[in-house]
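Here is the structure we will look at.
The values are calculated or read from the model by the stated rules, or taken from the named source; none is laboratory data. What you are looking at is a predicted structure, and each value in this text was computed from that prediction instead of being measured. Counting neighbours? That spans all protein chains shown, and the Cβs are built from the backbone with ideal geometry, glycine included. All accessible areas refer to the heavy atoms of the entire protein, side chains included, with ligands and DNA or RNA removed. Shrake-Rupley method; radii C 1.70, N 1.55, O 1.52, S 1.80 Å.
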Amino acid sequence: KQEVTQIPAALSVPEGENLVLNCSFTDSAIYNLQWFRQDPGKGLTSLLLIQSSQREQTSGRLNASLDKSSGRSTLYIAASQPGDSATYLCAVPSGGYQKVTFGTGTKLQVIP
Amino acid sequence: DVKVTQSSRYLVKRTGEKVFLECVQDMDHENMFWYRQDPGLGLRLIYFSYDVKMKEKGDIPEGYSVSREKKERFSLILESASTNQTSMYLCASSYRLMSSSYNEQFFGPGTRLTVL
């Protein structure tokens, strides 16, 4: 059974800092992994889908990497802004057709 | 842009009522999903559908049923609502590609259901 851990559970940083969010998983037999952000009381917004063949995927100030061998993905946010404040979730395939296991998220607060 | 809409943002129902949650997507996606999200438990899959009239149980299907009569619409039904079904309900959709690997999911805004 796939187990997904996101550490830290919460993070508070001053505006402008670069930061890294972590996602660890136990079953490395995956093709890809998806990162989301969730604003309070809202749905999930897709940020990046990273394929195992890519190792890295970039969108604006966001960069996601995937290391299957170590069971880890990282989301790097450059030059953080107050608008980046949200909860960030990773979704990892967990066997069976289209099934994923979500991490419980990292709640990010960027202080102006 | 992919758009997934859900019929209500907030819903309050009484114990024992039959509750319908509707989800519509406009991207011709084959797959549709219903999740619930609870503090400390994260997102858990209730049911998903990979085609019209097809459904598969997720991790927590007890107390729920689903209906998919049209490709764009996926309904979640609580036959007799109970207080432990108070939660945030999220619908998602994705393409079904040839491979069995996970495909990017797109989520709706969520329905916050309170059962009194």
Counting only heavy atoms of the protein chains, get the accessible area per residue of chain B (1.4 Å probe) and round it to a whole Å² value. 49
Can you give me the long-range amide H partners of A:Lys99? Hydrogens built in the peptide plane at 1.01 Å from N, cutoff under 5 Å, separation of 5 or more residues or another chain. A:Ser94
Quote the relative contact order of chain B in percent (integer), defining contacts as alpha-carbon pairs under 8 Å separated by 6+ residues. 36
In Å² (nearest 100), what accessible area is buried between B and A, both sides summed, heavy protein atoms only, 1.4 Å probe? 1900
Average accessible surface area per residue within the stretch A:33-112, 1.4 Å rolling probe, Å²: 42
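How much of the accessible area of chain A, in percent, comes from carbon and sulfur atoms when a 1.4 Å probe is used? Let's see the in-between values first.
Values: 2540 of 5220 Å².
Carbon plus sulfur share of accessible area: 49 percent.
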Amide H proximity to A:Arg72 below 5 Å, modelled H, separation 5+ or other chain, gives A:Phe25, A:Asp67
For the protein assembly as shown, radius of gyration divided by Kirkwood radius, i.e. Rg to Rh on alpha-carbons: 0.97
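Within the set of other residues whose C-beta is less than 12 Å from the C-beta of A:Gly43, count the net charge using Lys and Arg as +1 and Asp and Glu as -1.
Once positives and negatives cancel, what remains is +4.
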Net charge near B:Phe33 (other residues with Cβ under 15 Å of its Cβ; Lys, Arg +1; Asp, Glu -1) is +2
Reachable lysines from B:Lys57, Cα under 29 Å, same-chain residues fewer than 8 places away excluded? A:Lys1, A:Lys42, A:Lys68, A:Lys99, B:Lys3, B:Lys13, B:Lys18, B:Lys70, B:Lys71
Give the distance, in whole Å, between the Cα centre of the stretch B:32-83 and the Cα centre of the stretch A:29-55. 21
For the charge dipole of chain B, defined by +1 on Lys and Arg C-beta atoms and -1 on Asp and Glu C-beta atoms about the Cα centroid, which residue among B:Ile77, B:Met32, B:Ile60 has the Cα displaced farthest towards the positive pole? B:Ile77
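Of B:Asp51, B:Asp26, B:Asp38, which has the most accessible area and how do the rest follow, probe 1.4 Å?
Details: B:Asp51 65, B:Asp26 95, B:Asp38 20 Å².
Largest accessible area first, the list is B:Asp26, B:Asp51, B:Asp38.
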Taking every other residue with Cβ under 12 Å from the Cβ of B:Tyr50 and scoring Lys and Arg +1, Asp and Glu -1, one gets +3
Summarise the accessible area of the stretch B:30-83 (1.4 Å probe, protein heavy atoms) by the percent that is carbon and sulfur. 49
Using θ = phi - 60° and Karplus 6.51 cos²θ - 1.76 cosθ + 1.60, couplings along the stretch A:39-45 (whole Hz; Gly, Pro as x): 7, x, x, 10, x, 8, 10
